[in-house]
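Down below is the structure, laid out as C-alpha cells.
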Amino acid sequence: MADVVTLAGHQDDVQPYYGMADVFVLPSHSEGSPNVLLEAMAAGLPVVATSVGGVPELAVNGREALLVEKGDISGLAASIRRILTDTQLSRHLACSARGVLSRNAPQAYVRAILSVFQEVLSMRAWSEDDD
C-alpha cells in the first residue's frame, strides 16, 4: 500500500498533503467541531467522515460529505471506494462543501454572535420601555 497511501506522522504544515490527496478521511470516534474538516473542504477535497460530535452539524451526508457511523469499518471503506471511483460524486461533494465554508467562516460566526447580542439588547430595551 505504500505506493498509494502516505502515513506522514505529525506535520506542522499539512497544506502540501491536501494537494496530494484524492479524498480526506476523518474516522474519529469522538469530535468537537473539527477545523480539519473545514480545512480539507477549503482545499477542495471530497470528505468521508464518521458521524460524530459536530461533524453532522458541518456536513450533510450525501450533500457535502459521505458520513458513516463510528466503528463502521466496511461502511468507511465503501465510502472511500465510492469517492475514488465516482468522479461525479467526488466533484459534487467538493463543490457543495463551499457552502459549508461560507456558513462557517469566521465572519459568519461573528455576524451570528452579533445578532444574538443585538436581539438581547433590543429585548432589554423593549422591556425597559414597559417600566
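Applying a DSSP loop filter and a limit of 14 other Cβ atoms within 10 Å to the chymotrypsin sites (Phe, Trp or Tyr not before Pro) in region 1-84 leaves nothing.
Would you work out if region 1-42 is rounded, prolate or oblate? Take a ≥ b ≥ c from the square roots of the eigenvalues of the alpha-carbon gyration tensor; rounded if a/c is under 1.5, else prolate when a/b is larger than b/c, oblate otherwise. Note, shape of region 1-42 comes out prolate. A simple rule links phi to the HN-Hα coupling: the Karplus curve 6.51 cos²θ - 1.76 cosθ + 1.60 with θ = phi - 60°, which for region 111-119 gives 4, 5, 5, 4, 4, 5, 4, 4, 5 Hz, with x for Gly and Pro.
Between V36 and E69, the FRET efficiency from the beta-carbon distance, with R0 = 22 Å, is close to 0.65.
Can you tell me the relative contact order of the chain? Whole percent, Cα pairs under 8 Å, sequence separation 6 or more. Relative contact order comes out at 21 percent.
Multiplying the residue separation of R103 and A43 by 0.36 nm and removing their Cα-Cα distance gives an extension gain of 20.0 nm.
By the count of neighbouring beta-carbon atoms within 10 Å, fewest first, D86, D3 end up ordered D3, D86.
Model label sites at L121 and T87, defined 7 Å from Cα along the beta-carbon direction, differ in position by 5.3 nm.
Every number in this text was worked out from the coordinates using simple rules, so none of it is lab data. Computed from a predicted structure; not experimentally measured. Note that each Cβ is placed from the backbone with ideal geometry, even for glycine, and that neighbours are counted across all protein chains shown.
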